[in-house]
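Engineer: The following block contains the structure, expressed as C-alpha cells.
The values are calculated or read from the model by the stated rules, or taken from the named source; none is laboratory data. Since we're looking at a predicted model, the values are computed, not measured. In this analysis, Cβ positions are derived from the backbone assuming ideal geometry, glycine residues included, and neighbour counts consider all displayed protein chains. Only protein heavy atoms, including side chains, enter the accessible area calculation; ligands, DNA and RNA are left aside. Shrake-Rupley method; radii C 1.70, N 1.55, O 1.52, S 1.80 Å.
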Amino acid sequence: MGNVVLVHGAWSDGSIWREVVGDLHDRGHQVLAVQLPMTSLADDIAWTRRHIDALTGPVTLVGHSYGGTVISGAAYHDPRISSLVFVAGYAPDEGETIPVLSDRGTKMPGRTAIDFGPDGWSTLNPAQFGNALAHDLPPRLARALAAVQKPTHGACLTTPAPPAAWHTLPCGYVLSTNDRMLDPGLQHWFATRAQATLTELPTSHLSPLSHHEAVATAITQLLPADNASPMGDCER
C-alpha cells in the first residue's frame, strides 16, 4: 500500500480527483486530496504539507496544472516524499513563474477564459470553462465544474517558484495531448527537463476526470516498493 496526496490546480478544487481517488483506493492505496486555499503559493504549499504530516511512511505527491508548482515546493528537502507526478502540470525551477513559463509555449485558446478582477482574484468565465478546460467531458459536468470552481489569487500564479524538488526525486508526467489551456509542447518540455516517466493521453486539461484510470496507473508506477527508503536512489 502506498500513500498519495493529490493537489488540484487553479480554478478548480479537490473534486477533480474523485475518480482517481476511487481507482487508487481500489488498488489498496491511502489517498488524500487537498483543498487548497488559493490565497498564495506559500499558503498552498503549507496546506499541502499539513496533509503530508497526516500520513505515515513514504508519500507520492501528485499535482494537476498549477498544483505541479505546489508539489515541487512542498516536497523540497522532505525525506518523506518518494516521488512526484505532474498531471498536465507546471514543473517550474526556482525563480520561475507560471506566466513566464506559459509564454515559452504556444499561446493557448483556453487562456482567454481567464478573468482577473481588480482585487487580484481570478476565475474562468463560466461560459468558456468547458471549451477551455473540459471539452471532452459531458457538458453537464463541465457546467458543474464551472459553478464550483475556486477563485485563484494572482499571487499563486506570479510568485517565483521556490527550490524545485523534481531535481532530486523520481518523477512522472501525464501529458494531455489535446490540452487547450497548457501547451502540450510545453508539457513535454517540463517532462524532459525533469527526466520524468512520460504518459501521453488524448485528453483535455482535465485528464483526472476524462482518463482517470490511466492517470491512476501513471501514479501507481511511481509509488515506492514496499519497505523502500523514501529517498532511496533518488539523487540524479
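Engineer: Under a crude label model (7 Å from the Cα following the beta-carbon direction), how far is E96 from R50 in nanometres?
Structural biologist: Here the modelled spin labels are 2.9 nm apart.
Engineer: Ok, one more. Over the chain, with the other protein chains present, what is the accessible area per residue in square angstrom, probe 1.4 angstrom?
Structural biologist: Here the per-residue accessible area is 41 Å².
Engineer: Okay, moving on. By the scheme Lys and Arg +1, Asp and Glu -1, what is the net charge of all other residues having a beta-carbon under 11 Å from that of T159?
Structural biologist: For residues surrounding T159, the net value is -3.
Engineer: Still on this structure, I have one more. Please compute the Cα-Cα pair-distance distribution of the range 48-90 with 5 Å bins starting at 0, giving whole percents from short to long.
Structural biologist: With a bin width of 5 Å, the distribution comes to 7, 26, 35, 22, 10, 1.
Engineer: Here is a follow-up. Along Cα→Cβ, 7 Å out, is where each label goes; now give me the distance between the ones at T39 and A155 in nm to one decimal.
Structural biologist: Output for this residue pair reads 0.8 nm.
Engineer: Now for a separate question. Once the cut-off is 17 Å, how many percent of the Cα-Cα pairs in the range 60-124 end up in the long-distance tail?
Structural biologist: Here the long-distance tail beyond 17 Å is 52 percent of all Cα pairs in the range 60-124.
Engineer: OK, next. Roughly how many whole Å is it from the C-alpha centroid of the range 128-150 to that of the range 67-126?
Structural biologist: 19
Engineer: Still on this structure: Can you give the extra length, in nm with one decimal, that the chain gains between E213 and W121 once fully stretched, where that is 0.36 nm per residue apart less the Cα-Cα distance?
Structural biologist: Once the chain is fully extended between E213 and W121, it gains 29.8 nm.
Engineer: How many nm separate the modelled label positions at D26 and R143, each set 7 Å beyond the Cα in the direction of the Cβ?
Structural biologist: Between D26 and R143, the simple spin-label model gives 2.8 nm.
Engineer: Restricting everything to alpha-carbon atoms, can you work out Rg to Rh for the range 134-197 with a Kirkwood hydrodynamic radius?
Structural biologist: 1.05
Engineer: Let me know the whole percent of all Cα-Cα pairs from the range 78-236 that are separated by more than 29 Å.
Structural biologist: Pairs farther apart than 29 Å: 22 percent.
Engineer: Give the Rg/Rh ratio for the range 10-136, taking Rg as the radius of gyration of the Cα atoms and Rh as the Kirkwood radius, to two decimals.
Structural biologist: Over the Cα atoms of the range 10-136, Rg/Rh equals 0.97.
Engineer: Still on this structure, please answer the following. What is the set of long-range amide H partners of A33 at a cut-off below 5 Å, with H atoms built 1.01 Å from backbone N?
Structural biologist: Close amide H contacts, sequence-distant or interchain: L6.
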